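The next block holds one structure in the form of structure tokens; read it before the comments.
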Amino acid sequence: MANILLNEQSTLAEIAYCYLNNIVKGCYADSTYNSYRVRLEKHILPIIGDRQVRELKKLDVQNMIFKLRNQANPLSANTIRLVRSVLNRVLDFAVDLEIANRNVAYRVSLPKQSKYQPRIYTYAEIENLLNIAKGTILYIPILLAAKAGLRRSEAYVKQKLKTSQEYFSYLKPKTAPMKNQSAVLLLAT
């Protein structure tokens with residue numbers, strides 16, 4: 001969408017693209033920009049994007065959340081929270097510009113998040129995975145993750161950093177070791 005001049009009649013879509021292209025792009029990581037864009041284009045703008053921001057009500061945001069939760073392929077509670085977070089930022093931008101009087105996305109009811117359950121591989125699964133990865137560039141990160149109990153992101157970062165010291169300063173203890181586990185935590189997100 002081309003640069004738009006905003007005014008009191010601006011729609012949520014116009015303000016969202018202005019925020020995305022003028023605030024997020026260039027100031028945040030590309031991955032953040034892409035994440036915001038996807039959440040806006042897939043979840044927010046198709047439902048309430050054509051509405052004027054000054055006419056949006058808390059009920060509109062709540063109904064959007066209900067729709068995302070109850071559609072044929074419902075979004076997880078965590079994804080809905082991330083969608084609402086992006087909408088919050090866009091509406092805060094509109095308030096800062098004095099296009100809206102208040103952010104109507106605050107204090108809407110969100111679905112309860114389920115407790116995260118990490119996937120723990122058995123020794124046989126780890127051995128099979130290492131056999132499959134043998135001879136590929138994935139073998140060392142998988143082996144490192146299996147032996148050290150690293151998360152997938154930690155094993156990936158190891159490939160990006162220049163020295164072992166950089167890598168070990170990146171690592172921070174996440175949790176205390178679990179007792180009586182049959183296998184190490186491997187490739188959990």
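A short reminder: the numbers here are calculations on the coordinates, not readings from a lab. Computed from a predicted model, the values in this text were never measured in an experiment. Virtual Cβ from ideal backbone geometry, glycine too; neighbours counted across all protein chains shown.
If the segment from Phe66 to Cys27 were pulled out straight at 0.36 nm per residue, it would be longer than the present Cα-Cα gap by 10.8 nm. Within segment 12-96, the percentage of alpha carbon pairs spaced more than 21 angstrom apart rounds to 25%.
Residue separation of Ser85 and Arg54 scaled by 0.36 nm, minus their Cα-Cα distance, works out to 9.3 nm of gained length.
The calculated FRET efficiency for the pair Ser35 and Thr136, based on their C-beta separation and a Förster distance of 25 Å, comes to about 0.30.
Once you have the Kirkwood Rh of segment 5-155 from its Cα pairs, apply Stokes-Einstein at 20 °C and 1.002 mPa s and quote D in µm²/s. All intermediate terms of the calculation are to be shown ahead of the outcome.
On the way: Rh = 18.1 Å.
Estimated diffusion coefficient is 118 µm²/s.
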